[in-house]
Structures are given as structure tokens and as C-alpha cells.
1. Starting from the eigenvalues of the Cα gyration tensor, five times each then square-rooted, give me the equivalent ellipsoid semi-axes of the protein assembly as shown, largest first, whole Å.
2. Give me the Å³ per residue figure for the convex hull around the C-alpha atoms of chain A.
3. Which three lengths, in whole Å and largest first, does segment B:79-121 cover when its Cα atoms are put on their principal axes?
4. Net charge near A:Arg110: determine it from the other residues with C-beta under 13 Å of the C-beta of A:Arg110, scoring Lys and Arg +1 and Asp and Glu -1.
5. Calculate one ³J(HN,Hα) per residue across segment A:83-89 by plugging θ = phi - 60° into the Karplus curve 6.51 cos²θ - 1.76 cosθ + 1.60, and present them in order as whole Hz with x for glycine and proline.
6. If you wrap a convex hull around the alpha carbons of segment B:16-158, what volume per residue comes out, as a whole number of Å³?
7. Specify the longest stretch of chain A that does not include any exposed loop site, a site being one of the GluC sites (Glu not before Pro) with a non-H, G, I, E, B DSSP assignment and at most 15 other Cβ atoms within 10 Å.
8. For chain A, modelled as a GNM with alpha-carbon contacts under 10 angstrom, which of A:Ile128, A:Ile158, A:Ile112 fluctuates the most?
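No value in this document is a laboratory result; all are computed from the given coordinates. What you see is a predicted model; the values in this text were computed from it and never measured. When we count neighbours, we look across all protein chains shown, and the Cβ atoms used for this are built from the backbone with ideal geometry, even at glycine.
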Amino acid sequence: MTNRFFLLVFAISILSFTFPVVPAYEVGDLVENFTLKNVDGKMTSLYDFTNEEGIILVFTCNTCPVSQAYEQRIIDLHKKYRKKGFPVIAINPNDVTIRPGDSYDAMVDRAIDKDYSFHYLHDEDQEIAMRFGAAKTPHVYLLQNVNDEFKIAYIGSIDDNSNDETAVTRYYLEDAIAALQAGNTPDPAKTVAIGCSIKWRVN
Amino acid sequence: MKTTIFAAMKMFLFLILISVSFSLRAQDVAVIHFEQLENRIANSGDTILLINFWATWCHPCVEEIPDFEKFSTQYKQYNNKPVKLLFVSLDYADKLKSKVIPFMKEKQLLSEVVLLDDTDYNSWLPKINGSWEGVIPATLFIYKPSDIYLFYVQQLTFNQLEKLLTSQLN
């Protein structure tokens with residue numbers, strides 16, 4: 001009996017180590033606060049932004065060609081929407097040993113070169129990307145401020161053409177923001193798109 | 001003297017012909033839309049169809065390609081059923097000449113490569129698999145007569161492909 005009990009305890013402890021205890025966020029979930037280092041050297045928390053209507057949170061990086069194809073659009077989105085209460089916060093989750101081009105120093109360089117006016121945070125431990133269930137770059141999460149908490153309103157891509165901005169026919173993210181501004185629920189609330197897999201650290 | 005010149009000219013023409021035919025062969029990449037890929041799947045008949053979604057910019061994709069090629073060379077048939085490997089490049093269509101074809105030449109790919117020019121991903125990714133977020137490499141393993149339709153979003157090795165084939169088609 002005691003043997004069995006210990007076996008059970010052992011099995012449970014192994015399982016809890018093997019599988020993430022907390023499932024990834026879905027649309028409608030409230031987001032816990034997090035704090036990451038910004039390219040300006042300062043620690044930045046999500047809940048520093050509770051005076052905003054919402055946040056365009058985008059997992060992106062320096063090295064992925066799809067992220068690069070969207071880079072100017074991300075810069076433009078911030079310029080357009082920060083005035084409307086939806087600033088961009090970009091997060092780079094890639095493991096530095098796999099992608100040296102995504103190191104903190106390389107992020108700082110890129111932010112200066114491309115004149116980023118938004119926060120570009122380094123998710124060094126990859127915990128935030130893991131918590132959000134981010135799979136690729138770019139991967140967008142539109143957060144809505146609900147009584148000074150952030151709720152996920154939309155997950156997916158920025159629009160329907162990563163290669164050619166002039167050929168875009170569906171502005172998924174901007175439509176989702178417009179829906180929130182009109183007091184509606186974004187539809188679609190989720191889209192999928194080809195991107196670069198996040199480079200997860202190999203233990 | 002005349003015959004030597006003639007022979008040299010013949011040789012020269014021969015070399016030109018070879019290089020032309022080689023470059024034609026190497027550039028034989030059809031640019032397709034999703035409907036055409038859907039048709040290929042629908043009409044795969046009794047062929048064991050392996051579809052690999054990749055891009056020249058995707059490092060893990062590039063890493064696994066030699067294993068897929070080796071698999072395809074080794075398994076033209078299995079249990080008297082044809083095995084077909086189709087590489088579906090998700091590079092942008094304007095990168096066909098500058099990236100995809102040079103890559104194919106460099107890797108000396110023998111398997112068929114098509115470029116899927118359909119960047120409205122949200123319209124077709126869910127038709128391949130409902131839980132596909134868009135990460136590549138991704139691979140489909142299809143054998144219609146037995147309703148086998150398997151989807152993998154991960155790098156696959158030669159041994160994994162071989163095991164997949166032998167375990168599914170027995």
C-alpha cells in the first residue's frame with residue numbers, strides 16, 4: 001500500500017516536471033504581469049501600460065525573414081496606434097545560442113538602426129513566449145485593457161499578405177482594434193500564418 | 001582540319017545542349033495555388049504521398065531535406081505502391097529565381113519541388129490541419145486507400161520517415 005502511494009507521488013511529481021502546469025493563454029484570458037528588459041536598458045512591465053486602451057503585443061525577432069517582411073508594418077502600426085491608446089510592445093523570444101543574431105546587443109543595434117519607437121523586450125528565459133503559447137515570429141496578441149487588467153482579444157497575424165503590403169486584402173489586427181474601439185468582439189479572433197518557429201533552448 | 005573543326009563544333013553544340021537541358025530541368029518548379037495542391041492530394045490514388053512544407057529561409061527545414069531526399073531515393077515503391085515526395089516551398093514567389101532554384105541546384109534535389117504562391121495563409125493552413133499555427137517544417141503523410149492522413153510539425157529524420165512508412169503501410 002505504502003509502496004503504491006509512493007509510486008503515485010513519484011509519478012505525479014514526474015508528470016508535473018514534464019508538462020507545463022499552466023496551459024497557454026487563449027482568447028478571452030487575462031494576462032499576468034511580466035517584466036522584461038527593454039532595449040533602452042530599463043526593465044519594463046506589462047502593467048506599466050494600464051493607462052492605455054490596449055497593447056499590440058508581438059513576438060518577433062531580428063533574424064526571421066517573415067519578421068523582417070513585417071518590420072516596417074510593425075513600426076507603422078506603433079506610430080498610428082499609440083496615439084489611439086494601442087502601443088506596440090515587441091518581444092524577442094529566440095534562444096541566443098541558436099540565433100546569435102537575436103542577442104540583446106543585436107536587438108539594441110536593430111532598434112537603433114531601424115529607429116524603433118516602441119518597446120523591444122528580451123524574453124531571455126523564453127518564459128513569456130511559453131506562457132502565451134507563442135509558436136512563431138511574428139505572432140501577435142492584441143490585449144484589451146479591462147479595468148486595468150489585460151485581456152487577450154485577438155491572436156494571430158497582422159494581415160493576409162506577409163510578402164507584399166500593397167497586396168493586403170484583410171487587415172486582421174487593425175480590424176480587431178477597430179472592433180474593440182466600437183465595443184465589439186473581434187471576428188476573426190484568431191488567425192494563423194506561416195512564420196519562423198521560435199528557437200527554443202535545447203536543454 | 002575541317003573535320004577537327006566540325007568535331008569541335010559538334011562537341012560545343014553538344015555541351016550547350018546539355019547545359020540548356022540541365023538548366024531547364026533545374027528550373028522546373030511549378031508555381032501553384034492552394035487549389036492545385038488540394039487537387040494533388042485528392043487525386044493521389046494509390047500513391048503514398050509525402051508532402052513537405054519548407055522554405056529556403058527555414059533552417060530546420062533545410063537541415064531535414066537531405067533525409068527526405070535519401071528516403072525518396074530509397075523508397076520509390078513500398079509494398080508495390082508508388083511513393084511520391086513533393087517539396088512544397090513556401091518561399092515568396094519573387095524569390096523563385098534568386099533563392100529557390102539556386103538552393104535546389106546546390107543541394108542537387110531530384111524530387112519534385114513546387115512553390116505554393118498563396119500568402120493568405122489563414123485561408124488554407126486550417127485545410128491542411130486544424131491545429132497548424134504556421135510553423136515549418138511541416139509534413140503530410142497521405143495514403144488515401146487506407147484513409148491515412150498524418151501531419152507532423154517537426155523536423156523528421158530518415159529513420160523516422162522509414163518507420164512511419166513501414167508502420168503505417170503494413
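1. Working: eigenvalues 363, 165, 83 Å².
Over the Cα atoms of the protein assembly as shown, the ellipsoid semi-axes are 43, 29, 20 Å.
2. Working: hull volume 29.7 nm³, N = 203.
Taking only Cα atoms, chain A has a hull volume of 147 Å³ per residue.
3. Over segment B:79-121, Cα extents along the principal axes are 40, 28, 9 Å.
4. Values: positive: A:Arg99, A:Lys114; negative: A:Glu71, A:Asp102, A:Asp105, A:Asp109, A:Asp113, A:Asp115.
Net of charged neighbours comes to -4.
5. 3J(HN,Hα) across segment A:83-89, in whole Hz: 5, 9, x, 10, x, 8, 10.
6. On the way: hull volume 17.1 nm³, N = 143.
Convex hull of Cα atoms, per residue: 119 Å³.
7. Values: sites that count: A:Glu26, A:Glu32.
That gives A:33-203 as the longest site-free run.
8. Most flexible of the set in this elastic network: A:Ile112.
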